[in-house]
Amino acid sequence: MLIVMDHFASPEQVEAVCQRIRELGLTPQPIPGGERVAIGVLGNQGYVDEAPFRDLEGIREFIHVTKPYKLVSRDFHPEDTVVRVGPVEIGWSRDPVVIAGPCAVESAEQVRAAARAVKAAGAHLMRGGAFKPRTGPHSFQGLGYEGLDLLAEAAREAGLPVVTEVMRIDQLEKVAEVADCVQIGARNMQNFDLLKEAGRAGKPVLLKRGMSATLDEFLAAAEYILLEGNEQVILCERGIRTFERALRNTLDLAVVPYLRAATHLPVIVDPSHALGRRSLVPPIAKAAFLVGAAGIMVEVHPDPCRALCDGPQSLDFPSFTRLMAELDRVGRLREGG
Ligand code: PEP
Ligand code: MN
């Protein structure tokens, strides 16, 4: 529940409401605003009765929150959250960031070449999967812990912070040690135990939208991480599965401005997994910048035709370098920028 105070409510009246919330065994979260002061009620597992507040002065209205999330919502937290990954800042009001690198770490040479090339082209963060969630068990599953070390080494040499996926709770400690940001992939978006543990791992989390998740489910999944005390969460739209089969997934860029209004957490777009085809990545990456995304994630490989994973959607180095130059121009025309 949100308790909205009168415009002229005194600090004593606000405190009296907070005190009453505490007496009910719940947690008050005052939300200062230009127009109104509101107080969020946290910790309830069902409907909060208005009756215990009726004798208090200065209350304008009660808003019952029916959504399955609070901490991620703008109503409870109007200010943008800025996520810090190494020295890189990611937020709605910041310059958009580019996360680039191969789908999977394949070898020391491959990941080192990718790190150097994406850094030279101007990427801010390096990606690369060591643990790969593959649809079939006969596909390349990633190099595991060895891949993690190769990725960390290559990114350190190039001077880039690292984002990499964790698939299981028992991998978290080692992944969080090596990575600057821990990725939870689309297939694990509703692995609630993993979300909770990731919230306690002490690193920023990049959470990808599940392939059949609604936006409310996406935000509710992020809420699990915030409830553990970690607000450093980046949301990543990567397309969803619909009846349309021409492209790998269906990407709705309206999600970006929608989520900007709904949440203080930054949202980035992954056109590579959304589209599945490299020729479509640059125009949609630019479109994501234009609609105000806080960044993009793009797959880049030294030799996409020989990639062990997601080659058809990976850019080679010259195409990525061209895209970065185009993004630089597009960035100046950005929505709200
Ligand atoms: C990835 O980013 O490596 C990945 C597997 O993407 P998704 O979880 O969005 O399918
Ligand atoms: Mn991939």
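The values are calculated or read from the model by the stated rules, or taken from the named source; none is laboratory data. Fair warning: this is a prediction, and the values are worked out from it, not measured in the lab. Here Cβ is always computed from backbone atoms with ideal geometry, including for glycine, and neighbour counts include all displayed protein chains. The area values use the complete protein model at the heavy-atom level, side chains included, leaving out ligands, DNA and RNA. Shrake-Rupley method; radii C 1.70, N 1.55, O 1.52, S 1.80 Å.
What part of the accessible area of the chain, given as a whole %, is carbon or sulfur when the probe is 1.4 angstrom?
Values: 7670 of 14850 Å².
Its accessible area is 52 percent carbon and sulfur atoms.
Could you tell me the accessible area of C305 in Å² (1.4 Å probe, neighbours in place), rounded to the nearest ten?
Spelled out: C305, probe radius 1.4 Å, area about 120 Å².
Once the stretch 2-63 is represented by equal point scatterers at the alpha-carbon sites, with solvent omitted, what log10 I(q)/I(0) does the Debye formula produce at q = 0.21 Å⁻¹?
-0.76
Which pairs, out of K67/K286; K132/K208; K174/K196; K67/K196; K119/K203; K174/K286, put more than 24 Å between their alpha-carbon atoms?
On the way: K67/K286 32 Å; K132/K208 14 Å; K174/K196 17 Å; K67/K196 19 Å; K119/K203 22 Å; K174/K286 35 Å.
Beyond 24 Å between Cα atoms: K67/K286; K174/K286.
Give me the 1.4 Å probe accessible area per residue for the chain, excluding ligands and nucleic acids, in Å².
On the way: 14850 Å² over 337 residues.
Dividing the accessible area of the chain by its residue count gives 44 Å².
Expressed as a whole percent, how much of the Cα-Cα distance distribution for the stretch 72-181 exceeds 19 Å?
On the way: 2887 of 5995 pairs.
Here the tail beyond 19 Å accounts for 48 percent of pairs.
Convex hull over the alpha-carbon atoms of the chain: what's its volume per residue in Å³? Mind showing how you got there, number by number?
Working: hull volume 46.5 nm³, N = 337.
It is 138 Å³ per residue.
Amide H neighbours of L315 under 5 Å, at least 5 residues apart or on other chains, H built in the peptide plane: list them.
E299, V300, H301
How about the stretch 35-70: which chymotrypsin sites (Phe, Trp or Tyr not before Pro) there are in a DSSP loop, with at most 10 other Cβ atoms within 10 Å of their Cβ? Intermediate results must be reported in sequence, preceding the final value.
Working: sites: Y47, F53, F62, Y69; in loops: Y47, Y69.
Answer by residue number: Y47.
Just to be sure I follow the definition: excluding the sites themselves, where is the longest run in the chain that has none of the trypsin sites (Lys or Arg not before Pro) in a DSSP loop with at most 11 other Cβ atoms within 10 Å? Numbers along the way, then the final one.
Numbers: sites that count: R54, R245, R332.
Looking at the chain, 55-244 is the longest stretch - no exposed trypsin sites (Lys or Arg not before Pro) with at most 11 other Cβ atoms within 10 Å.
Quick one, what does Rg over Rh come out to for the stretch 118-271 if you take C-alpha atoms and the Kirkwood Rh? Walk me through the intermediate numbers first.
Working: Rg = 15.4 Å, Rh = 16.1 Å.
Reported Rg/Rh (Cα atoms, Kirkwood Rh): 0.96.
Does the stretch 243-337 come out rounded, prolate or oblate, given a ≥ b ≥ c as the square roots of the eigenvalues of its C-alpha gyration tensor, rounded meaning a/c under 1.5 and, failing that, prolate meaning a/b above b/c?
Working: a/c = 2.31, a/b = 1.41, b/c = 1.64.
The shape class here is oblate.
Determine ³J(HN,Hα), in whole Hz, for all residues of the stretch 230-241 in sequence, where each value follows from phi through the Karplus function 6.51 cos²θ - 1.76 cosθ + 1.60 and θ = phi - 60°; x replaces Gly and Pro.
3J(HN,Hα) across the stretch 230-241, in whole Hz: 10, 8, 7, 10, 10, 9, 10, 7, 10, x, 10, 8.
Find the cysteines in the chain that fail to meet the 4.7 Å Cβ criterion with every other cysteine, and list them.
Cys with no partner Cβ under 4.7 Å: C18, C181, C236, C305.
Collect residues whose amide H, placed 1.01 Å from N in the peptide plane, falls under 5 Å from the amide H of I39; neighbours closer than 5 in sequence don't count.
Placed amide hydrogens put I3, V4, M5, I31 under 5 Å from I39.
Which far-off residues, 5 or more places away or on another chain, put their amide H under 5 Å from the one on V85, with H placed in the peptide plane?
I90
In what sequence, largest accessible area first, do D303, D149 appear using a 1.4 Å probe? Before the final figure, lay out each step's value.
Working: D303 55, D149 80 Å².
Ranking D303, D149 by accessible area, largest first, yields D149, D303.
Among bridges DSSP assigns within the chain, what percent are antiparallel (round to 5)? Don't skip to the answer; put the middle values down first.
Details: 17 of 43 bridges.
In the chain, DSSP labels about 40 percent of beta bridges as antiparallel.
Based on DSSP, what percent of beta bridges with both residues in the stretch 145-258 are antiparallel, to the nearest 5?
Working: 1 of 11 bridges.
If we restrict to bridges inside the stretch 145-258, about 10 percent are antiparallel.
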